[in-house]
Amino acid sequence: MTRAAIFGPGRGAAGAQTLRSQVREGLRAQIHAGHWRTGDKLPSEADLMAEHQVSRITVRNALADLAAEGLISSVQGKGSFVAPAAIVQDLSRLQGLAEALARQGRSVRTEVLSWRPRQPTAEVRQVLGLRPGQACMQLHTLRHADAQPLSENHTWIHPQAAEGLSVEALQQSDLLTLYESRQGLRVVRATVDIQADLATPAQCERLALQPPSAILRVERTVYSQADQALHHERSTYHPSAFSYRLNLAR
């Protein structure tokens, strides 16, 4: 069997880049080279059409590819802009999101969608060590990084750990910080489960995603020094705006 039969044609007429990929890769190279920096506006569709001698649909498809990767963001009626780099949270250290972002010079805003007592599912009841019929506090939030939607979060908090917490406090600080500063609880460990998933229509709307879209789904249970589960959270992250990093040694 020939090489062409295995790998496909070479870079002749049939193997050359498509016009869409030429525009996309040209823009990508300029962004990585620092020609445009975070927040800078890219040339208009008309300017890109003239520069690359391509149709408007080709330009729009190339921009859509870069937006899907999180390299740029498009604002209707205003144009396309270089997006901030993805947020990275180090898994080798237990920290809240706001704490992690502050170390990277990024800002985070927490929007509390609901904060109320709820009967947990059997799974959450077992994780938190609650008695049958015992309620916990459920927190539903939407977090924004640099004014862009980052994650939707559902958190079930042990009633004792939730004592004294308010919507105002939850909007201003991470739960880990509140446990230690207000409750006098020492947080020592967490279990984390990370999976890829497809976003629901509601998640697409809240995270400003175009369906169908993938999401990063993260489940985390946080424990006190007494090995009591303080809360269990399920978060869905914008796929191109967030990543985890784990440093391993051998």
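The values are calculated or read from the model by the stated rules, or taken from the named source; none is laboratory data. Please read all numbers here as calculations on a predicted model, not as lab measurements. Cβ placement follows ideal geometry from the backbone for every residue including glycine, while neighbour counts extend to all protein chains displayed.
If we keep just the residues of the stretch 191-250 that are farther than 15 Å from Leu150 by Cα and among the basic types (Lys, Arg), which is surrounded by the most Cβ atoms within 10 Å (Cβ to Cβ)? Here the answer is Arg220. Residues considered: Leu185, Leu178. Of these, the only one that is out of contact with any Lys or Arg (no Cβ under 9 Å at 6 or more places or on another chain), crowded, with 18+ Cβ neighbours inside 10 Å and assigned to a helix (DSSP H, G or I) is Leu178. Among the candidates Ala145, Ala100, the residue that is under 25 Å from Ala214 (Cβ atoms), assigned by TED's automatic domain parsing to the domain that holds Ser235, without any contact (Cβ under 8 Å) to a residue 40 or more places away in the chain and under 20 Å from the mean Cα position of the chain (by Cα) is uniquely Ala100. Tell me, which residue of the stretch 147-175 that is of a type in the set (Asp, Glu) and more than 21 Å from Val218 (Cα to Cα) is surrounded by the fewest Cβ atoms within 10 Å (Cβ to Cβ)? This residue is Glu168. Please find, within the stretch 202-245, the residue that is modelled with the lowest pLDDT out of those that are small (Gly, Ala, Ser) and part of a strand (DSSP E or B). For the stretch 202-245, the residue satisfying everything is Ser243. Comparison of Ala50, Ala98 shows that the only residue that is closer than 30 Å to Leu178 by Cα and in a helix (DSSP H, G or I) is Ala98. Per the listing Val59, Val82, the residue uniquely modelled with pLDDT of 85 or more, buried (at least 17 other Cβ atoms within 10 Å of the Cβ), within 26 Å of the chain's Cα centre (by Cα) and not acidic (Asp, Glu) is Val82. In the stretch 29-47, of all residues being part of a loop (DSSP other than H, G, I, E, B) and surrounded by 11 or more Cβ atoms within 10 Å (Cβ to Cβ), the one that is modelled with the lowest pLDDT corresponds to Thr38.
Out of curiosity, is Leu165 farther than 24 Å from Tyr244 by Cα and either outside any helix (DSSP H, G or I) or out of contact with any Gly (no Cβ under 8 Å at 6 or more places or on another chain) (or both)? It is true that Leu165 is farther than 24 Å from Tyr244 by Cα and either outside any helix (DSSP H, G or I) or out of contact with any Gly (no Cβ under 8 Å at 6 or more places or on another chain) (or both).
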